[in-house]
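The values are calculated or read from the model by the stated rules, or taken from the named source; none is laboratory data. Note that the structure is predicted; figures quoted are calculated from it, not measured. We place every Cβ from the backbone using ideal geometry, glycine too, and count neighbours over all the protein chains shown. All accessible areas refer to the heavy atoms of the entire protein, side chains included, with ligands and DNA or RNA removed. Shrake-Rupley method; radii C 1.70, N 1.55, O 1.52, S 1.80 Å.
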Amino acid sequence: MSAAAARSIFLVGVLSACLLVVGCTASANNETFFGKTDPPRENVLRYVSGSEPESLDPQIPIGQNEARISMALFEGLAEYDPKSSQPIPALAESWEVNKDWSEVLFHLRRDGRFSNGDRITARDFVYTIQRGMTPSVGARYASLAYPIKYAQAFNEGAVFVFDPNTKNYLLERDFADDNSTNPVALSSQPDVISSEYANGNASLANTALHQTMHAPLRLVLPGKDKKRNDLLDKNPKLKAAVAGKQLVPVKADDVGVEAPDDYTLRISLMQPTPYFISMMPHQFFRALHQKTIEKFGSAWTDADKIVTSGPFKLDSWRHYDRIVVVRDPQYWDTAHVHLDKIVFYLLADNVTMLSLYKAGELDVTYNHTVPATWLEVIGHRKDFMDAPEAAIDFYNFNTTAGPTRDVRVRKALNMSLDKKALADWRHVAPLTAMTPNGIFPGYPQPKGDPFDPEQAKKLLAEAGYKDANGNFDPKKFEASEIEMIMNPDANNLPYAEFIQAQWKQNLGATISMRVMENKTFTTAQTNLEYKGISRTGWSADYMDPFTFLSIFYTPKGTNATGWWDPKYVALLDQANRTTDHLERYKLLAQAEQLLLDAQPVIPLTVGTTRLMKKPYVKGVYPNAATLIPWKYAYIERDPSKWDYGMPDMSEPSAVAGG
Amino acid sequence: MLRFIVRRIVIIIPMLFVVVSLTWALVRLAPGNFYSGEKKIAPAVEANLREKYGLDKPWYVQYGKVLRNIGRFDFGTSLRYEGQSVNQILLRALPVSAALGFTAYLLALIVGITMGTLAALKQNSWLDSSSMVIAMLGISIPNFVLGPLLVLLFSLTLFWFPPALWNGFLSKSIVLPAITLSAIYVAYIARLTRSGMLEVLRSDYIRTARAKGLSEWQVVTRHALRGGLLPVISFSGPALAFLITGTVVVEKIFALPGLGNYFINACFNRDEPLILGIVAFIAISVLVFNLLVDISYAVIDPRIKY
Amino acid sequence: MPEFDDQTKPRVSDTELHVGPEYAVAERDVSEIVSGEVEVGTSLWRDAWRRLVRNRLAALGMMIVIVIALACLVGPTLIEKASGHPYDFIPRDASLTKAFPPFRTAGGQFSWQHPMGTDTAGRDILARVLSGGQISLMVALIATIVSLLIGVTYGATAGYIGGRLDDLMMRIVDVLYSLPYVIIVIVLLALLPAKTPFGQIIELFIALGAVSWLTMARIVRGQVMSLKNQDFVLAARATGVSTPRIIFRHLIPNALGPVIVYATLTIPTVMLSEAFLSFLGLGVRPPRVSWGSLAAEGAQSLAVYPWLMIFPGVTMALMLFCLNFVGDGLRDALDPQMKKQ
C-alpha cells in the first residue's frame, strides 16, 4: 500500500507544483484589449443590467439595474444626454418655467406613440404622475415627485380641512408658525403666483385645478386618525379650528399636474425647485400606458401584455437569465435608432461578467464592475473606461453616541486620513467635501479639511484625551468605543483595512471593523444601532448638487448620522428659491460648508465608472450618471473607426433628431 | 411494509408544518425587510408598502395566513419580484436545478461507482490508491475554488465552454457546472462503493459465485453490486435533496437561474413567501426521497423488513 | 452542506440493524464494571494505535497535519518578530501596496521576503495563510467538540431509553435536518450579539456545531442501540446502576470508536462549511482571516493574480486531505473486520 500510495501522492504533488508554477508566472498580457474583440454578427448589443429586476414597471423598483432596462423601454419628457447626463428634449420638444419657479410648462411633440400605436399625449403624463403617487402602488421613488404641489399629501393619504359654512378650505399660512404638519420647515408659499412666462401664456385654459394651484396653500393633515389626533392634541389652536369641519381626502386630481390641452403639460410646484427639469429623465416620470395598467394590474409587465413608450419594446424575459428587447417601429424617432436588439443579462457577480466579457459574449458592462484589484492588469487597456462619476463614498458618524459625539473627535478622525493615498491606491479621486469635484461646472465647492495628523492630535487632546503635558495620549483615547461597520460589498473591506491602518499609523489608535450581512447592516445603520462609523455611498438621482446635499435635509431617512441642523435646511431652501443659477450655487456651497464644519461624515472618494466597453460599441459613453440612452448606441464594424480608449466626451452630442 | 409507508407519508404533513413554521419564525426574527436598502425610502412610502403587502397586520394574523398557505401549497406572490407568484418561480427554477443536479449526480454515480468498484477489486494496488487520492481531492477542494479554476482553464484559455449562463439542458453550458457540482459526490460515492464492495466481496456468497466459475465481470455486476451499493443508495437520499442547497455556490458562480440562486437571494432579500415556498419544497423533497431510499433499501436487501 | 459519514449504514426507522463494529468485551472489563470501576479496555486502544501507526498513509497524514497546525500556531508570531509587522500590516508606500507574485518584489527582482507573494494591499500571503490557519483550525476543532458533546449525549440518551422518547427525539432530528442550513446560519449570525471579533468567532462555532451534531447523534444512537442489549449492560442494570451512569460510563465509552472516526471526519466538513459561509459573506469577518475567506477573496482575482487563491486553497486542501486520511486510518485501526486481513 505504501509504495503505490507514495507514487500516487508524488504524482499529485508534481501536478500541483506545475499548477503553482504556471499560476504564479502571472499572465502579463500586454494586449490592447481584454479578451476577444469580434463584433456580434447581428445588429445586437449585449449588456449586463444587474441582478434580476424586481419589476419592469419603471415606477415600482428603486435599483440601478431596473433603471438601465427602463431606459430602453420607456421614454419621458426629457432624456439624459448620452455624454453629459443633462436633460435634453425627448417626448417634450421644449419647456419653460415661470418667473418664480412655481410652474413648469412642457410642450409635447405630436408624433409620440406607444408600442401599440396609441398616441402619447399630455394626459398620459398626468396619468403617469398620478398613478406613481397613488399609495396602493407602493412606488419606492414616489418621493422624487414630492416637489409637485400636494403630491406628497396624496401619497401619504392626507386630508384637507373643508369648512362647509364658508365653503373654503383651511389654509396653511394661518397655522404656519405652529410648524405642525411637517417637522421640516415648509418654505413659505408666495401668496401670489406669477403667471409670467418668457413668452406669455394667456392662451392656456384657466381650469379649476389651475386656480386651486394659484390659490394659497391649503392646510394638510395626516389621514390616519391616531396620527392626526396626536397632532391636534399638541396644538389647541389648530384643534379648535378643525373642530366641526369636514375632512376631505386628497385625491389624485388634486395633485398639481394637468393637461390643459393634448400636447401641453402644466406642473405646479410646492416650492421653487430649480433641479426639477433634471429629474424628468428619471424612469419614474416616463410615459405609462393607462389602459394596459388598468386592465391587467400588476401583471401588465408580462411580455404578451406590456405596452411601452421607448425606442425598444420587450421581446422576452427569461427570469434570472436575460431580458431581450427589440426595436419598436412605433417609436417616433425609430429612424434614428441604430440597434435592432439589446440583450440584458441579469447578473450581479463581477467576475462572471468579466469572464463573459473576455470570452466575447458581452459587449459592455455597467459601472464598477472592474474590481479595483484588477486595475494593475486591466487599467491600461483601451477598452477600460474610467471617467468621474456623480457618486461618492463616505463614512457616516453616529453623532449621538460614544466618542463620536464630540465634533473634535470627528474632525480629528477625518484629518488623520490621507485621502489622496487612499484614492491613489484605488485609482480614484479623493473627496474632501460632500459633492464630487468637477461634476458640476461653475459650482464653488468648499475645500474641506486637509490631511493634517498633527492638528488631529491637537484636537483630540483638546477633547480630553491627553496626558499630563497636554499632548495627545493614544492610550487615553477610547478607540474600542468606535468601530467601522459595513456591508459585504467587495470594495468596502479593503478600504476599511487601509483606513484602519492609516489611523493606526497616524494616531496610534486601533479602530476595529465589522462586516455585517446586508439587511442587518441597513437596519443597524438606519436605527443608529452602531458605535462610531458606518460605511455608505450615494449616487446622484439627478444632475444637481442638491441631490447630495439633500441627504441631510431630513433628520431621519436618508440621513443616518443623527445630525440635523435647521440652519442647514434653511440655507438649502433659500438656495432653491433663488432663480439665478450662480447665486443658487453660492448658497448651496455655503450650506455644504456648514455641513463640513459639523463633520457628521468622513468624505472618502469620488466614484469612477470603471467599466469595460468593446471598441466596436459606439454612442455609449461612461457619463457621470452611468445611465445610457440606448437609442444612440450602435455597433461599428469598420475597425478604423473603433474607440481606442475613452470616447471623446467633450463636444455636446448632436442630439436633436439623433 | 405498507403500514410503514403509510405511516411515513402521514408524518410528512405535520413535519412540513413544523419546518415551515420554524423557518417563518426565523425569517421574522432576522433584522431587515425586503424593501430596506442603501437608498432609503420616505416613511410614507414605506407605510404604503407595508400596507400593500399586509405587513402591518399583527403577527398571529400573518402566521395564520402562512398556515393556510401551506395547506393549499400556495405561498402567494414574491415580495421582491412584483407580480410573480412563488409557484411560478418554483416551476421555472426547478427544471434548471433538477437538470443540473441530475446530470451532476448521474456523472458522480457513473464515475464514482466505476472508480470505487475497480479500487475494491484491485485493493491496495496503484489503481486503488490513486483512485482514493483523487476521490479525496474531490472532498478537499471546495467547489468555489474548483469552479473558477475550471472556468479559467476551459473557458478563458481554451474557449471550449461558456464561462456562465444557462443555454438549456442539452447545451455546452451544463458541462462545467455539472463537473464542479459532481466533484464532491464522486469522492463520497467512490469511497462508499469501495468500502461497500470490499465488505461484500469478502462474503461467502461471492466466494461461492467465484467458485462456480463465473467471470469476474458477472460476479461483480450480478452479485456484488447489489449488496455493495447499499451504502451508496442510503447516501443518495439526503444527498439528492440537499443537492439543491449544494447547488447554491455553483449556480452563483455560473449565474444559473436555478432554485439555489433564487433561494440565496430570497434569504438576503428577506423575501418571506419565496423563502417559505422553497423551504417547504425542500422539506417535502427530503422526506419523500428518504422514504424512497428506505423503500429501495428494503427492495434490494431482503434481510430488511419493516 | 451537511456532513455525510460514508461508513454508516442507513438509519432504518423501525428495525434495529446492527450498525458498526462490535467490541470484544473482556471478562476483566465486566468484573471491573460490576465492581463500580470503569476502565475502557486499554488493550483495545493500544492495538488500535499500533495499527494506525503502521498505516503509512495515515501516519504521513498525521505528520503533515501536525506540521501545518504547529506552523499556524507559532508561525504568525515568528513572522511578526522577524519582519516587525503583524500579518495585517499594509505598507504606506503606494508602490508596495500591490500584489506581487511569490519571491518577487517591486521591479520584478527576486526576494526572500514574500515566499507566497503579497495580496493587493501589499500584505504578505504566508503570514495571512498561517493566521488564517489558526482561525480555521480553531473553528473546526471547537465546532466539532460542540457537536460531539451535544450529539453524543443526545444520541446515547435516545438510543438507550428507546421507545416513544427515542421516536420523538429522532423526529426532532429529522425536522432539524430538513431546515435550510443557510437561513439558520444567517439568522443565528444576525441575532446572536457579537460585541467583539472574538464573539463573532464564538457565534460561528455555535452556528456550525449546531448543525453537525445531528448525524453524530444518529451514529451514537445506532451504536447504543446495538450495545444496550449486551451482557455487560444487562449486568449493570441488574446491579442497580442508574440510567445516566449507564449511559455515560458504560455505553458511551464503548461506542467511542465510530464517534472518534466521525469526529475526525467532521473537522474537514466544518472547515469546508466555514469556507462556504465566507464565500457568501457570513463567515469569519475581518480583520480575522480564515483559509476559506482567503480562498474566496482570491477566487475573485483568479484570472489576474492566481497565487492569491492557490496558496490558501492548496493549504486548506492539503489539510483536509490529510485529515481525511487520518480519519480513514483511525477507522481501519478500530474496525475489527479489517483485523481479519
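Here are a few things to note about the model shown:
- Theoretical gain in end-to-end length, C:Leu168 to C:Ala235 [0.36 nm per residue, Cα-Cα removed]: 21.3 nm
- One quarter of the surface of the convex hull around the alpha-carbon atoms of the range A:50-120 equals 6.5 nm², the direction-averaged projected area.
- Amide hydrogen neighbours beyond the local backbone of B:Thr77, cut-off 5 Å, H modeled: B:Val86
- Length-normalised contact order of chain B in % [C-alpha pairs under 8 Å, at least 6 apart]: 27 percent
- Residue pairs exceeding 30 angstrom between C-alpha atoms, taken from A:Lys149/A:Lys291; A:Lys167/A:Lys556; A:Lys504/C:Lys81; A:Lys291/A:Lys614; A:Lys447/A:Lys567: A:Lys167/A:Lys556; A:Lys291/A:Lys614.
- Rounded to the nearest 20, the Cβ-based charge dipole of the protein assembly as shown about its Cα centre (Lys and Arg +1, Asp and Glu -1) stands at 3260 debye.
- At most 15 other Cβ within 10 Å, DSSP loop - GluC sites (Glu not before Pro), the range A:412-482: A:Glu478
- Eigen-decomposition of the gyration tensor built on the alpha-carbon atoms of the range A:308-458 gives equivalent ellipsoid semi-axes of 42, 20, 17 angstrom, largest listed first.
- Proportion of all alpha-carbon pairs of the protein assembly as shown beyond 44 Å (%): 47 percent
- Normalised by the number of residues in chain A, the mean separation of alpha-carbon contacts (under 8 Å, six or more apart) gives a relative contact order of 20 percent.
- FRET efficiency, 1/(1 + (r/R0)^6) with R0 41 Å, evaluated for B:Glu51 and A:Lys167 via beta carbons: 0.80
- Counting only protein heavy atoms and a probe of 1.4 Å, the accessible surface of the range A:30-71 is 41% carbon and sulfur.
- For the range B:32-140, size of Cβ-based charge dipole, Lys and Arg +1, Asp and Glu -1, in debye: 300 debye
- Net charge dipole size for the range A:594-648 [Lys, Arg +1 and Asp, Glu -1 on Cβ; Debye, nearest 20]: 320 debye
- In nm, spacing of pseudo-spin labels at A:Met646 and C:Ile145 (7 Å Cα→C-beta vector): 5.7 nm
- Along the range A:615-630 the Karplus relation, 6.51 cos²θ - 1.76 cosθ + 1.60 evaluated at θ = phi - 60°, assigns HN-Hα couplings of x, 8, 8, 10, x, 10, 10, x, 6, 5, 8, 6, 10, 9, x, 6 Hz to successive residues, with x for each Gly and Pro.
- Across the range A:549-565, coupling constants 3J(HN,Hα) worked out from phi with the 6.51/-1.76/1.60 Karplus curve, θ = phi - 60°, read 5, 6, 4, 9, 5, 10, x, 10, x, 6, 8, 10, 10, x, 9, 7, 10 Hz, and Gly and Pro carry x.
- Multiplying the residue separation of B:Glu199 and B:Tyr63 by 0.36 nm and subtracting their alpha-carbon distance yields 43.8 nm.
- Leading residue at positive end of dipole, the protein assembly as shown (Cβ point charges), from A:Leu77, B:Ala47, A:Ala259: B:Ala47
- With every protein chain in place, chain B: carbon and sulfur % of accessible area (1.4 Å): 69 percent
- Whichever aspartates and glutamates have a C-alpha closer than 17 Å to that of B:Lys122, once near sequence neighbours (fewer than 8 apart) are set aside: B:Glu199, B:Glu216
- Calculated from backbone phi, Karplus (6.51, -1.76, 1.60) coupling profile of the range A:600-609 in Hz, x at Gly/Pro: x, 9, 10, x, 10, 9, 8, x, 10, 5
- Within straight-line reach of A:Lys245, meaning a Cα separation under 12 Å, sit the following aspartates and glutamates at least 8 residues removed in sequence or on another chain: A:Asp163.
- In this simple spin-label approximation, A:Arg123 and B:Arg210 carry label points 7 Å from Cα along the Cα→Cβ vector, and these lie 9.1 nm apart.
- Interface of A with B. Using a 1.4 Å probe and counting protein heavy atoms only, the two chains hide about 4500 Å² of accessible surface, both sides summed.
- Loop sites in the range A:404-470: trypsin sites (Lys or Arg not before Pro), DSSP, at most 10 other Cβ within 10 Å: A:Lys447
- Pairwise burial B:C, computed as accessible area of each alone minus the pair, summed, 1.4 Å, Å²: 5100 Å²
- Between A:Thr605 and A:Asp393, A:Leu431, the built amide H atoms are under 5 Å apart, and every one of these is 5 or more places off in sequence or on another chain.
- For a label point 7 Å along the Cα-to-beta-carbon line of A:Arg113, residues of the range A:328-349 with backbone N under 17 Å: A:328-337
- Qualifying trypsin sites (Lys or Arg not before Pro) in the range B:178-208, DSSP loop, other Cβ atoms within 10 Å at most 14: B:Arg202
- The Kirkwood radius of the range B:26-151, taken over pairs of alpha-carbon atoms, gives through the Stokes-Einstein law at 25 °C and 0.890 mPa s a diffusion coefficient of 124 µm² s⁻¹.
- Computed from the C-beta positions of C:Phe248 and C:Val53, the FRET efficiency with R₀ = 41 Å rounds to 0.85.
- Heavy-atom surface of the protein assembly as shown, accessible at 1.4 Å and reported per residue (Å²): 39 Å²
- Listed residues A:Ile499, A:Ile120, B:Ala104: farthest to the positive end of the dipole of the protein assembly as shown (Cβ charges): B:Ala104
- Loss of accessible area when A meets C, both sides summed, Å² nearest 100, probe 1.4 Å: 3000 Å²
- Within the range A:516-551, the residues that become at least 30 Å² less accessible when every protein chain is included than when their own chain is isolated (1.4 Å probe; DNA, RNA and ligands ignored) are A:Glu517, A:Lys519, A:Thr520, A:Thr522, A:Thr523, A:Trp538.
- Computed P(r) (all Cα pairs; the range A:515-658; 5 Å bins; percent): 2, 7, 13, 15, 14, 12, 11, 11, 9, 5, 2, 0
- Under-5 Å amide H pairs with A:Asp315, H placed in peptide plane, nonlocal only: A:Val324, A:Val325, A:Val326
- Cα pair distances of the range A:391-545 binned at 10 Å [whole percent]: 10, 38, 36, 14, 2, 0
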